[in-house]
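Here the structure is laid out as structure tokens; the discussion comes afterwards.
Every number in this text was worked out from the coordinates using simple rules, so none of it is lab data. This structure is a prediction, so every number in the text was calculated from the model and none was measured. Here the Cβ is made from the backbone with ideal geometry for all residues, glycine too, and neighbour counts use every protein chain on show.
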Amino acid sequence: MTRRITLLPIAFLVAACASTPTTSPAASLAVSPTATATAAASVSASVAPSPSVPVWTDPANFTTTIDNPWLPFVPGTVMTYRGTKDGEPGVETFTVTAKTKVISGVTCVVIDDRLTLSGVLEEKTFDYYVQDLAGNVWYFGEDTQELNEKGKVVSTEGTWHAGVDGAVPGIFMPAEPKVGDTFQQEFYKGHAEDNFQILALSAAVKVPFGSFNDALQTKEWTPLEPDVLDNKFYVRGVGEVKEASVKGPVERLELVKVMKP
């Protein structure tokens with residue numbers, strides 16, 4: 001995403017994200033110096049933006065073709081997950097739409113993500129992703145709706161857009177993941193502060209969709225919920241196949257089927 005970007009320690013990162021960034025694209029990248037070569041510096045492999053302009057604000061750095069092997073988003077693909085959340089049986093439907101949304105000048109792919117609990121639609125979210133020219137997948141925001149049993153919106157907490165009210169995007173999946181690399185997926189102070197670390201590139205995982213011995217495993221957390229820790233598993237050519245809580249409320253979602261266009 002060919003200017004080298006030095007990744008910042010997490011203490012500086014949080015301080016920098018408190019206001020809209022002006023010169024440091026690292027505010028939305030990895031929080032571990034070990035990830036420099038694969039995610040941050042690679043943005044500049046094809047373009048050389050002005051040093052005064054954050055990399056993530058330059059539309060020339062991005063494409064709506066998201067073909068990262070660990071997180072391919074082909075328009076028309078529908079992924080269905082089943083499991084448990086909040087003590088109830090849940091079904092999540094993740095649809096890669098053909099729609100796009102422009103956020104801070106960058107055209108992003110719209111993902112329609114819906115969660116039903118005990119057969120009732122509880123959450124409806126539009127997520128916004130884009131890929132940089134080096135192959136890193138970025139997360140530029142979301143519009144979230146929590147619904148009651150009558151389908152009425154009762155909360156939009158968690159909604160954020162990069163570039164609005166100090167929010168900045170983050171790396172959701174690096175082009176060349178390495179064990180130990182740590183990234184910030186999003187930053188909207190007090191509302192959206194998810195982080196993840198890559199734990200393994202050859203993890204074993206079994207879900208209704210299939211069994212795999214070469215999954216990418218991550219741990220995911222947010223300082224907004226310090227007692228919660230999740231593991232996620234991704235498979236090449238498929239994407240996310242499993243999410244399970246390690247600490248905190250019991251939550252588990254596993255990939256059941258994939259419908260391709």
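By the beta-carbon count within 10 Å of each Cβ, the least crowded to most crowded order of 126, 62, fewest first, is 126, 62.
How would you rank 55, 130, going from fewest to most other Cβ atoms within 10 Å of each one's own Cβ?
Working: 55 23, 130 28.
Lowest count first: 55, 130.
Go ahead and run the numbers for FRET between residue 118 and residue 164, Cβ-Cβ distance against an R0 of 30 Å, rounding to 0.05.
0.30
Here region 79-107 is scanned for amide nitrogen atoms under 13 Å from the site 7 Å beyond the Cα of residue 157 along Cα-to-Cβ, giving none.
At R0 = 25 Å, how high is the FRET efficiency between residue 200 and residue 260 if r is their beta carbon distance? Nearest 0.05 is fine. The formula returns an efficiency of 0.40 here.
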